[in-house]
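A short worksheet on the structure shown next.
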Amino acid sequence: MKAHLITYGCQMNEYDTHLVESQLVSFGAAIVDSADEADFILINTCAVRGKPVEKVRSLLGNLRKVKAQRPLVVGMMGCLAQLDEGQQMARKFGVDVLLGPGSLLDIGRALESNERFWGLAFKDDLHDHIPPPPTGKLQAHLTIMRGCDHHCTYCIVPTTRGPQVSRHPDDILRELDTLLTAGVQEVTLLGQNVNAYGVDQGAKLGGYPSFANLLRLVGRSGVRRVKFTTSHPMNFTEDVAAAMADTPAICEYVHLPVQSGSNRVLRRMAREYTREQYLAHIAAIRQHLPHAVLATDIIVGFPGETEEDFQETLSLYDEVGYDSAYMFAYSARPGTPSYKHFDDLPREVKTERLGRLIARQKDWSARLNARKVGTVQEVLLRGDAHDPSFLEGHTRGNHPTVVPKAIGANQPGVYRVRISHATPHMMYGHLIDAEGRDLPELPTLHPEAAALSTPLTMA
Ligand code: SAH
Ligand code: SF4
Ligand code: F3S
């Protein structure tokens with residue numbers, strides 16, 4: 001069998017795709033890059049906003065046409081598969097296999113079955129199942145928990161992924177070991193709310209560490225760099241910031257979604273913290289980690305958001321100064337409390353506010369990235385950039401970075417880079433040795449590239 005997987009949604013979905021691919025390979029399937037070659041196409045879906053849902057709908061429409069022409073098995077997995085909305089689509093477009101996020105390991109049974117297979121239970125078997133590491137990659141994801149126990153009123157995730165279940169630390173450390181053996185240098189711990197790690201297990205025997213202590217355990221395992229996402233401010237403790245400061249492998253990058261700067265909106269979102277409490281977390285982070293790189297998620301145009309509320313988001317933005325942000329216009333999701341109880345704002349209002357916020361973030365990213373010019377950053381270069389005389393990757397603070405290849409440094413790896421130029425979305429630099437001297441660039445360099453890598457003096 002030749003299988004082709006298509007992934008929408010977040011990093012947890014990418015992890016799950018990898019998990020299912022490894023299952024398929026163990027059943028003798030080959031994973032192919034092109035849908036045309038495949039006799040099994042499996043879509044890993046996302047339901048967090050209307051857009052990814054519509055993408056899946058149109059893809060399924062196209063696949064139904066392909067199915068009319070040649071033998072093809074079509075499957076749908078992930079968050080949308082768990083919802084009525086997704087199941088209706090699956091029926092309409094003749095989907096053969098449907099697996100919710102809690103039933104991914106039913107993939108084998110699904111393929112053996114001669115009939116349509118629907119798997120929708122939330123099972124724990126996923127937790128002790130360790131997928132083989134991606135071969136040759138320097139970065140990997142590691143899921144430490146599934147599901148979510150919060151009830152943010154706009155969010156469909158608790159419905160699609162079920163209640164929070166933390167993975168046993170031994171399973172996490174075993175998986176980490178396989179990653180290290182495979183040469184992985186950067187591991188990102190994943191969960192919808194990593195700060196609440198272990199909370200669902202109560203005082204269970206065998207002991208689940210707090211998230212801060214899990215970070216220390218992982219950070220001392222020999223892995224070069226550790227990141228984590230996502231943090232909910234409600235469960236954030238100062239000890240997490242302390243663990244980051246006392247464990248050098250943990251990158252000084254904090255993604256702490258605020259969603260809105262207005263207490264009125266936060267209350268209607270049921271976020272369970274105030275603007276002031278959020279800012280106190282930011283202050284604690286800065287106290288422990290003066291060079292922390294901060295990122296957030298924002299939803300603009302939540303039902304009932306007034307211009308004054310939005311101004312509070314802008315002012316919180318300026319108070320914090322985020323290095324980067326994921327910004328979204330509110331998308332009403334059937335099945336969420338806000339869908340049921342609140343009226344959506346006109347699309348133009350949401351789009352206009354989103355535009356203003358994006359412009360404000362661009363200013364901040366430009367300003368903060370410019371301050372990095374002249375500094376030395378540790379960059380994980382994962383491979384060739386668009387122009388193959390360059391390597392691309394990211395810093396410990398997740399800044400996308402591009403450098404020209406140098407003699408003795410033209411392969412993926414973790415390198416020291418002096419930043420010479422920055423835009424709001426990209427940093428450019430050149431490779432340096434341990435003494436801070438420039439490594440000689442490869443002679444094949446493109447002239448435009450040479451111009452970019454010339455150090456600019458800092459103002
Ligand atoms: N568990 C993570 C978020 C997962 S969803 C957390 O709480 O941080 C990722 C982001 O999508 C959220 O942070 C939110 O900003 C956005 N999002 C979720 N539901 C949305 C909706 N209905 N409309 C627009 N954005 C939404
Ligand atoms: Fe959704 Fe809130 Fe849970 Fe995040 S914490 S997944 S936004 S319900
Ligand atoms: Fe989407 Fe599910 Fe992730 S809804 S954002 S794929 S948790």
Which whole-number percent is the relative contact order of the stretch 2-123 (Cα, under 8 Å, 6+ apart)? 23
Cβ-Cβ FRET estimate between A332 and S26, R0 fixed at 45 Å, reported to 0.05: 0.65
Going through K55/K340; K2/K137; K65/K137; K2/K65 one by one, the pairs whose alpha carbons sit over 31 Å apart turn out to be K65/K137
Could you calculate the contour length gain from R356 to S221, that is, 0.36 nm times the residue separation minus the distance between their Cα atoms, to one decimal place in nm? 44.3 nm
Only counting other Cβ atoms within 10 Å, I'd like S26, S221, S338 sorted with the fewest neighbours first. S26, S221, S338
Per the Kirkwood definition applied to all pairs of different Cα atoms, how many angstroms is the hydrodynamic radius of the stretch 125-366? 19.0
Given the peptides 134-140, 99-105, 61-67, arrange them by the average over their residues of other C-beta atoms within 10 Å, most packed first. 99-105, 134-140, 61-67
Scaled radius of gyration (Cα, divided by 2.2 N^0.38 Å) that the chain gives: 1.01
Starting at the first residue of the stretch 214-223, write each ³J(HN,Hα) from the Karplus equation 6.51 cos²θ - 1.76 cosθ + 1.60 with θ = phi - 60°, in whole Hz, x for Gly and Pro. 4, 4, 5, 4, 5, x, 9, 7, x, 6
Any idea what log10 I(q)/I(0) is at q = 0.15, 0.16, 0.21, 0.22 Å⁻¹ for the stretch 52-182, Debye with uniform C-alpha scatterers and no solvent? -0.87, -0.95, -1.20, -1.24
How about the chain: what cysteines have no other cysteine beta carbon under 4.7 Å from their own? C10, C46, C79, C148, C251
Starting from the alpha-carbon convex hull of the stretch 262-351, give the projected area averaged over all orientations, in nm². 6.2
Rounded to the nearest 500, what is the 222 nm mean residue ellipticity of the chain from helices alone, with -39500 (n - 2.57) per DSSP H run of 4+ residues and division by all residues? -10500 deg cm²/dmol
Bin by bin, in steps of 5 Å, what percent of the Cα pairs in the stretch 376-450 do you find, going until the bin that has the longest distance? 3, 18, 33, 28, 14, 3, 0
Here the longest stretch of the chain that holds no GluC sites (Glu not before Pro) in a DSSP loop having at most 16 other beta carbon atoms within 10 Å is 273-434
From the phi of every residue in the stretch 33-38, what ³J(HN,Hα) in whole Hz does the Karplus formula 6.51 cos²θ - 1.76 cosθ + 1.60 yield, where θ is phi - 60° and glycine or proline is x? 7, 10, 5, 4, 7, 7
Mean projection of the alpha-carbon convex hull of the stretch 1-80 over all orientations, in nm²? 4.9
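No lab work stands behind these numbers, since they all come straight from the coordinates. Here the structure is a predicted model, which is why all the values come from computation and not from measurement. As a convention, Cβ positions derive from the backbone with ideal geometry for all residues, glycine included, and neighbour counts pool all protein chains shown.
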